[in-house]
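Some notes on the structure that comes next.
The values are calculated or read from the model by the stated rules, or taken from the named source; none is laboratory data. What you see is a predicted model, and the numbers here were worked out from it, not measured in a lab. We place every Cβ from the backbone using ideal geometry, glycine too, and count neighbours over all the protein chains shown. Keep in mind that these areas ignore ligands, DNA and RNA; they rest on the heavy atoms of the full protein, side chains included. Shrake-Rupley method; radii C 1.70, N 1.55, O 1.52, S 1.80 Å.
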Amino acid sequence: FLGGLLITNSQGRPLEFQCTTPVEPNATQTLLYGPTLKPYVLNDLIGKTLLERASLSPRVVLVDDCGMLPLRKLIRQPLACVCSGEQPGGIRIGRNVLICHPEFADDAAAVKSACSGIPADADVAEPFERVRAALQEAFQTAANATRGAA
């Protein structure tokens, strides 16, 4: 598991980038955590840690994996997941539909307010592609440097 955090302004320009080192649960952890392993790693270890380490505090947190909606229980910022396609009860931001954790009814209004400066034609999912590319570049560079030092 690997995580990245990109804090942007309303135009999608980067303000801060953070990433984790790879998290590789061992066989015992995989057995003991069972089906709770992935949510624990994504939310408790990666998501929460990235937000705690950030020097900027985002007004709203957007994720691209609905398995990260439980992160909302661990943070104070409103959180929404960028979905592909229409979602019942979803909110439209730019060209995308976002859903919030069902236990946080006020998040939808907070997300709409925080995202009000985002243009109607914006692709809110696009920054996630940049994060994935940056993570790939960072760890490719690190792997090459390690191989060169060996």
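The table that follows gives values for the structure above.
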{"item": "Condition broken by Ala114, with the remaining ones in (1) within 16 Å of the chain's Cα centre (by Cα); (2) crowded, with 19+ Cβ neighbours inside 10 Å; (3) of a type outside the set (S, T, N, Q) satisfied", "result": "(1)"}
{"item": "Qualifying position, being surrounded by 14 or more Cβ atoms within 10 Å (Cβ to Cβ), among the basic types (Lys, Arg) and at pLDDT 95 or above, among Arg53, Arg76, Arg59, Arg72", "result": "Arg72"}
{"item": "Residues of the range 1-46 satisfying the condition of being closer than 25 Å to Gln77 by Cβ, in a helix (DSSP H, G or I) and open to solvent by 70 Å² or more (accessible area, probe 1.4 Å)", "result": "Thr36, Lys38, Tyr40"}
{"item": "Exclusive hit being within 15 Å of the chain's Cα centre (by Cα), open to solvent by 60 Å² or more (accessible area, probe 1.4 Å) and acidic (Asp, Glu), set Asp106, Asp64, Asp121", "result": "Asp64"}
{"item": "Matching option when the condition is in contact with a helix residue (DSSP H, G or I) (Cβ under 8 Å, 6 or more places away or on another chain), without any contact (Cβ under 8 Å) to a residue 40 or more places away in the chain and closer than 23 Å to Asn9 by Cα, among Arg59, Arg95, Arg76, Arg72", "result": "Arg72"}
